[in-house]
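These notes concern the structure reproduced below.
Bear in mind that the values in this text are calculations on the coordinates, not laboratory data. Remember, predicted model here, so these are calculated numbers, not experimental data. Every residue, glycine among them, receives a Cβ derived from its backbone with ideal geometry; neighbour counts consider all protein chains shown.
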Amino acid sequence: MDLMLKNRLVLVLGASQGLGLACAQVLSEEGARVVISSRSRQKLEKAAGSLKTEAGIIPADLSRREDIKRLYETMVMEYGIPDGIILNAGGPPTGHPLELDDDKWYGALETNLMSGVRLARLFVPRMIEKKFGRIVAIASTGVKQSLSNLVLSNAARMGLLGYLKTLSNEVARHQVLVNILLPGPTETERLKNLLETTARMQGKSLEEVVAERTARIPAGRFGKPSDLADLAAFLISPRNQFITGQSIAVDGGYIQSNL
């Protein structure tokens, strides 16, 4: 299927590695004009080298409102109004619900909730003006099935889901479509770090923890970044004309609820 992404302009956040980079790679392969962003210019330059087409680079820390404003201004001035945005931010620290202080909470909310709010406030009005736009946010299965020791992620990403669902209802008539993807355990550096932390806390080997986690996935394996990136590319493309306001798990059946 031709996703009709050739020469479409897409901004991918958190794109120096992991799921963000996988999305940028698939979009590049489909012929999109890709602009990638993350905190480290050095990592962005390395990531850009892995793409099929030349990519723009805008370093930005999504936890800082001034960086988001500068990201918006640079994007519009140097590249234009994006046809699509992949919202993606790094996961917050692990911790027990009763032991995390206010600084940790505010940091998670700035990075994983307010970054999405601020980016939408800046970019969506411009998408409405041109009567086309696609936003795909990468969250976590934790918004539907809480993940142990990840209360900051569970809470902040639930807030983002609520905001984007509400936004989607307001802008769909302008052909601005907003969806949220919920990756399950996926082969990224983040998952490796979480598994290692779990192994230390439980006094188990990494191999034991991996086996236990894999056994809870009906598909029998961890996800690959491309599993999510392929769906993200469709949702952000002009081929998607009628899917909006949805939170879609990409988890091999990991979520056990019916909703």
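Would you mind calculating the relative contact order of the chain from Cα pairs under 8 angstrom and at least 6 residues apart, reporting the percent as a whole number?
Relative contact order for the chain comes out at 20 percent.
Each peptide in 119-126, 91-98 receives the mean, over its residues, of other Cβ atoms within 10 Å, and ordering these scores from highest gives 119-126, 91-98. A cut-off of 5 Å between modelled amide H atoms, ignoring neighbours fewer than 5 places along the same chain, links ARG134 with GLY84, ILE85, LEU177.
Placing a label point 7 Å from the Cα of LYS224 along the Cα-to-Cβ direction, the residues of segment 20-59 whose backbone N falls under 15 Å of that point are 22-23, 25-26.
For segment 181-259, the square roots a ≥ b ≥ c of the C-alpha gyration tensor eigenvalues yield an a/c of 1.5 or more together with a/b exceeding b/c, which makes the shape prolate.
The simple Förster model, with R0 at 51 Å and r as the Cβ-Cβ distance, assigns ASP101 and ARG173 a FRET efficiency of 0.75.
Packing-based ranking of 80-87, 191-198 yields 80-87, 191-198, ordered from highest to lowest mean Cβ neighbour count within 10 Å.
For segment 1-109, which trypsin sites (Lys or Arg not before Pro) are both in a DSSP coil and crowded by at most 12 other Cβ atoms within 10 Å?
Of the trypsin sites (Lys or Arg not before Pro), the ones in loops of segment 1-109 whose Cβ has at most 12 other Cβ atoms within 10 Å are LYS6.
In summary, the lysines within cross-link reach of LYS224, defined as a Cα separation below 27 angstrom excluding same-chain residues under 8 places away, comprise LYS6, LYS43, LYS46, LYS52, LYS144, LYS165, LYS192, LYS204. Residue ranges 244-250, 154-160 sort as 154-160, 244-250 when ordered by packing (mean number of other C-beta atoms within 10 Å per residue, highest first). A Förster radius of 30 Å, combined with the Cβ-Cβ distance separating GLU29 from GLU207, puts the computed FRET efficiency at roughly 0.30. Convex hull volume per residue, computed on the Cα atoms of the chain, equals 130 Å³. The phi-based Karplus calculation (6.51 cos²θ - 1.76 cosθ + 1.60; θ = phi - 60°) puts the 3J(HN,Hα) values of segment 42-49 at 4, 5, 5, 5, 5, 5, 4, x Hz, whole numbers, x for Gly and Pro. Here is the P(r) of segment 12-96: all C-alpha pair distances, binned every 5 Å from 0, give 3, 15, 27, 26, 17, 6, 3, 2, 1 in whole percents.
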